[in-house]
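Q: One structure is given below, represented as structure tokens, and several questions about it will come after.
The values are calculated or read from the model by the stated rules, or taken from the named source; none is laboratory data. Because the structure is predicted, anything quoted here is derived from the model rather than measured. Positions of Cβ are backbone-derived with ideal geometry, glycine not excepted, and every protein chain shown enters the neighbour counts. For accessibility, only protein heavy atoms count, side chains too; no ligands or nucleic acids. Shrake-Rupley method; radii C 1.70, N 1.55, O 1.52, S 1.80 Å.
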Amino acid sequence: MSVVNGDAPLRKSEMLVRLFAERIRSGQWEPGSRLPSERELARLFEVSRTAVREALKALQLAGEIETRLGEGSFVLESRRSEADEEALVGAGQSIVSKLQARQALEIASGVLAIKNASESDRIKLRAVRVELAEALEAEDYQWYLVVTFDLHELIAKASHNSYLEEATHDLVEPMRNDEWALTASYDAAMAGYSAGVHRAMIDALLTNDVDAFVGSVCQHYEDYPALRHPELKRLRTVEDAGLGPFRDVG
């Protein structure tokens, strides 16, 4: 595969996204059909399973496919124009690549924040927790996503490490432009589960629990594409994840 974007060669996962999307649009992979397994796709396109997994996550975020736990990935029927589909796929691809870097930065930022956060930082974290609840109550999912982006930057600021703060901002800021791709499929169940994960991150910071923070961050980035899952409410309820309702944290 030698597709290029301008002067820069595309990453294997990026090339796979284009190839997979083309198969879907051409009808080679019809709506409702099950995609080959990750292992089969890796062998077919002579790439790693990691590259295949990244490509599938991008297509899932774009609403091109859905992944059912234990069953595989299936093509969704789309009534969007080809231009809209391409824009969504591009946004999903951008989101996936940035999430990987964000996860590493966020773990480092949170560990330092637990050590370095000021009382002002803690007040702001509590305020974000309240604002998440207000956005959910208003069913304003665009507002909700803006608050989550603000939270991720706030965690970096609470580390009081200028490099982590700048690097996090550089990754988060462009993703704000892709929030429209995420709100397209948000509903109360998806937003409620997402809020539970973000609350767990805040709670861990406020209680100085490093292990809980790292675990919640890993869960957040692992589950990010699953927020589009049509069976999210059944597969990953707030109760199953151990994430209860809002509670006061000192």
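Q: If you roll a 1.4 Å probe over region 121-217 with all protein chains in place, what percent of the accessible area is carbon or sulfur?
A: 51 percent
Q: Continuing with this model, one more query. Place the peptides 118-125, 154-161 in order of packing, highest mean first, counting for every residue the other Cβ atoms within 10 Å and averaging per peptide.
A: 154-161, 118-125
Q: What Rg and what Dmax come out for region 19-63 when only alpha-carbon atoms are used, in angstroms?
A: Cα radius of gyration and Dmax of region 19-63 are 10.3, 26 Å respectively.
Q: By the gyration tensor of its Cα atoms, with a ≥ b ≥ c the square roots of the eigenvalues, what is the shape of region 105-194: rounded for a/c under 1.5, prolate for a/b over b/c, or oblate?
A: Because a/c hits 1.5 or more and a/b fails to exceed b/c, region 105-194 counts as oblate.
Q: Quick one: accessible surface of residue 29, probe radius 1.4 Å, all protein chains present, in square angstrom to the nearest 10.
A: 20 Å²
Q: Here's a follow-up. How would 210, 17 line up by accessible area, probe 1.4 Å, largest first?
A: Per-residue accessible area, sorted high to low, gives 210, 17.
Q: Taking θ as phi - 60°, what are the ³J(HN,Hα) couplings along region 12-20 by the Karplus curve (6.51, -1.76, 1.60), each to the nearest whole Hz, with x for Gly and Pro?
A: My calculation for region 12-20 gives 4, 5, 5, 5, 5, 4, 5, 5, 5 Hz in order.
Q: Okay, moving on. Taking all pairs of different Cα atoms in region 114-156, averaging 1/r and flipping that mean, what Kirkwood radius in angstroms comes out?
A: By the Kirkwood definition, the hydrodynamic radius is 10.8 Å.
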